[in-house]
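The block underneath contains the structure these notes are about, expressed in structure tokens.
The values are calculated or read from the model by the stated rules, or taken from the named source; none is laboratory data. This one's a predicted model, so the numbers in the text were calculated from it and none came from an experiment. Methodologically, a virtual Cβ is constructed for each residue, glycine included, from the backbone with ideal geometry; neighbour enumeration extends over all protein chains shown.
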There are 2 protein chains.
Amino acid sequence: MNRRDVALASMGLATMAGISPAIATNVSEATDFRPFRSRSLDIGMLVFDRMDQIDFTGPFSVLSRLPDSNVQVIGLDARSIQDHKGLMLTPQTSLAAARTPDVLVVPGGPGQEALMSHRALLAAIASQVDAGRVLFSVCTGALLCGAAGVLHGRRATTHWASMEFLHYFGAKPVDRRVVIDGRIVSAAGITAGIDGALTLAALLRGDEAAQRIQLDIQYSPQPPFDSGQPATAPRDVLDAVRSSYRSISAARQETAMSYARQSLHRSLP
Amino acid sequence: MNRRDVALASMGLATMAGISPAIATNVSEATDFRPFRSRSLDIGMLVFDRMDQIDFTGPFSVLSRLPDSNVQVIGLDARSIQDHKGLMLTPQTSLAAARTPDVLVVPGGPGQEALMSHRALLAAIASQVDAGRVLFSVCTGALLCGAAGVLHGRRATTHWASMEFLHYFGAKPVDRRVVIDGRIVSAAGITAGIDGALTLAALLRGDEAAQRIQLDIQYSPQPPFDSGQPATAPRDVLDAVRSSYRSISAARQETAMSYARQSLHRSLP
């Protein structure tokens, strides 16, 4: 094993062990968002083929209700897309034509994997962070943020079945539903986007604005089962769902390792 | 006051008092759904202008994952629609061209009000129930079901700000997040559609299928505030949201009373 392989292997070993314990974040204490409180906000929300539509539509239901704000639905180009279950969504603008958003929302889903080398998208994500604007990833949208290079040294979360890949992007995986690190907010899998968007609403417009939205959308959830996370799902259910991810997880791992290899290559003398 | 006015007034007075206490429904005991368990299912999901997209996209995220099932997104015609916050959705078929679905999903939102006399839509809802198929309303989609005449004597729920109108349609309002009465399932406001769809998934495909979907979409919600229903929201928040509904609520009440008047007219000698 050469130095590069050892480093890569240790990253792999650290994968699950590297998941930090829950961190407490008092949203009212977050000062990073104060500059956004007092001005009109442009919120850009990405859509792309084979995404998971609810990663986007959940947060849309919250953020489209934010006072003094405007949502742009942004496609990689101006064409309509289909989510991985066949729902057609039509962007309002393209990545090239969109106004630079104060808040960029990056959803996930199986289609994220095909975009892990999409230069214009990764550049847009990177410049969002470089310029001190807000980035909000949902589900495996975090892997796109990782590929854009913005998660190095940052705490982040993603879908439970992809947590093990965050480490390859230099991120510190945190097993929480919503994670805030500076102006990067990440939500766990799929429906966690609603919790993340409400948290973001509070950061951007204050607790009362977020509470009004929560009441408006009657978000007092009562799942009929306690099966929404690996720790509580019945074992058979967990095994079945995990095995349904085998193929996409293998692809995601390969891409993540490839990123880590290139990242090491750049950092080694 | 003549007999008709007295009857109408008493319906009005009974409005809030008529909300039943919570009923316990053991989904595994529901036998009305047994005939649907063992065959392929067509699930039709309506979209219309000025609907609330999450009433539809929340359940879509669940029902599009149901084993041995197919979702059709159905418009009143084949044209794309815009939800009340500007999201464009494109149906896969029109009401006239759609296959008759085993399960019809009726979302709500401000645009419901313009459809309360839409003959083809109300006829489709009515024939769904008459033929013993499954009807699932989300939010103020319940008012459309009411206008179709299928809620007489039935327990149902809707958005908290519209509960007082159910009574005019002959329904028994139940202050629960999900209500099952025969093959009519209703969910409360907006995000309650996710809980309703998971409940429906269990009724149609068994508990384990629903639990797999719940784990897949990582639905272990953690709202950042406890403001998702009138009973728990801060008073100022409740007052502000309620007053934002004043105009649409007035229109809904007028339409509901008009339905009740016509209904009485038909039933009186």
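Filtered by the rule that a residue be at the interface with chain B (Cβ under 9 Å from one of its Cβ atoms), assigned to a helix (DSSP H, G or I) and not hydrophobic (A, V, I, L, M, F, W, C), region A:56-72 gives A:T57, A:G58, A:S61. Give the residues of region A:223-269 that are hydrophobic (A, V, I, L, M, F, W, C), touching a residue at least 12 places away in the same chain (Cβ under 8 Å) and within 20 Å of A:H167 (Cβ to Cβ), sorted by residue number. The answer is A:I248, A:A251, A:A256, A:M257, A:A260, A:L264, A:L268. If you go through region A:32-55 and keep only what is part of a loop (DSSP other than H, G, I, E, B) and out of contact with any Leu (no Cβ under 7 Å at 6 or more places or on another chain), you end up with A:D32, A:S38, A:R39, A:S40, A:D49, A:R50, A:M51, A:D52. For B:G170, the conditions (1) away from chain A (no Cβ under 14 Å); (2) within 18 Å of B:M45 (Cβ to Cβ); (3) not aliphatic (A, V, I, L, M) are fulfilled apart from (2).
Under 6 Å between Cβ atoms, at least 6 apart or on separate chains: pull out the pairs that start in region B:42-57 with a residue that is on the phi > 0 side of the Ramachandran plot and end on any residue that is at pLDDT 95 or above and in a loop (DSSP other than H, G, I, E, B). Cβ pairs passing all conditions: B:R50/B:H84. Selection of region B:177-198 for residues being part of a loop (DSSP other than H, G, I, E, B), over 15 Å from B:L143 (Cα atoms) and within 9 Å of chain A (Cβ to nearest Cβ) yields B:R177, B:T191.
Would you confirm whether any residue within region A:148-161 is without any contact (Cβ under 8 Å) to a residue 60 or more places away in the chain, surrounded by fewer than 22 Cβ atoms within 10 Å (Cβ to Cβ) and outside any loop (DSSP other than H, G, I, E, B)? No, because not a single residue in region A:148-161 is without any contact (Cβ under 8 Å) to a residue 60 or more places away in the chain, surrounded by fewer than 22 Cβ atoms within 10 Å (Cβ to Cβ) and outside any loop (DSSP other than H, G, I, E, B). Candidates in region B:225-241 are the residues that are assigned to a loop (DSSP other than H, G, I, E, B) and surrounded by fewer than 21 Cβ atoms within 10 Å (Cβ to Cβ); of these, the one that is nearest to the other protein chains (Cβ to nearest Cβ) is B:Q229. Of all residues in region B:43-55, those that are farther than 19 Å from B:A123 by Cα and within 11 Å of chain A (Cβ to nearest Cβ) total 4.
Taken over region A:73-118, the criterion of being part of a strand (DSSP E or B) and at the interface with another protein chain (Cβ under 10 Å from one of its Cβ atoms) is satisfied by A:V73, A:Q82, A:M88, A:L89. The set of residues in region B:97-137 that are among the charged types (D, E, K, R) and under 15 Å from B:I184 (Cβ atoms) comprises B:D102, B:D130, B:R133. Residues being of a type in the set (D, E, K, R), buried (at least 24 other Cβ atoms within 10 Å of the Cβ) and out of contact with any strand residue (DSSP E or B) (no Cβ under 6 Å at 6 or more places or on another chain) are entirely absent from region A:119-136.
Taken as a whole, region A:71-85 holds at least one residue that is over 23 Å from B:R79 (Cα atoms), aliphatic (A, V, I, L, M) and either modelled with pLDDT of 95 or more or surrounded by 20 or more Cβ atoms within 10 Å (Cβ to Cβ) (or both).
Based on this model, can you work out whether B:I125 counts as of a type outside the set (K, R), over 9 Å from the mean Cα position of the chain (by Cα) and part of a strand (DSSP E or B)? No, not satisfied.
The number of residues in region A:242-266 being among the polar types (S, T, N, Q) and either loosely packed, with under 15 Cβ neighbours inside 10 Å or over 19 Å from the mean Cα position of the chain (by Cα) (or both) comes to 6. Using the structure shown, decide if A:M88 is hydrophobic (A, V, I, L, M, F, W, C) and surrounded by fewer than 19 Cβ atoms within 10 Å (Cβ to Cβ). So A:M88 fits the description; yes.
Would you confirm whether or not region A:213-222 contains a residue that is within 9 Å of chain B (Cβ to nearest Cβ), free of Cβ contacts under 8 Å to residues at least 12 places away in the same chain, assigned to a helix (DSSP H, G or I) and closer than 30 Å to B:D239 by Cα? Yes - at least one qualifying residue is present in region A:213-222.
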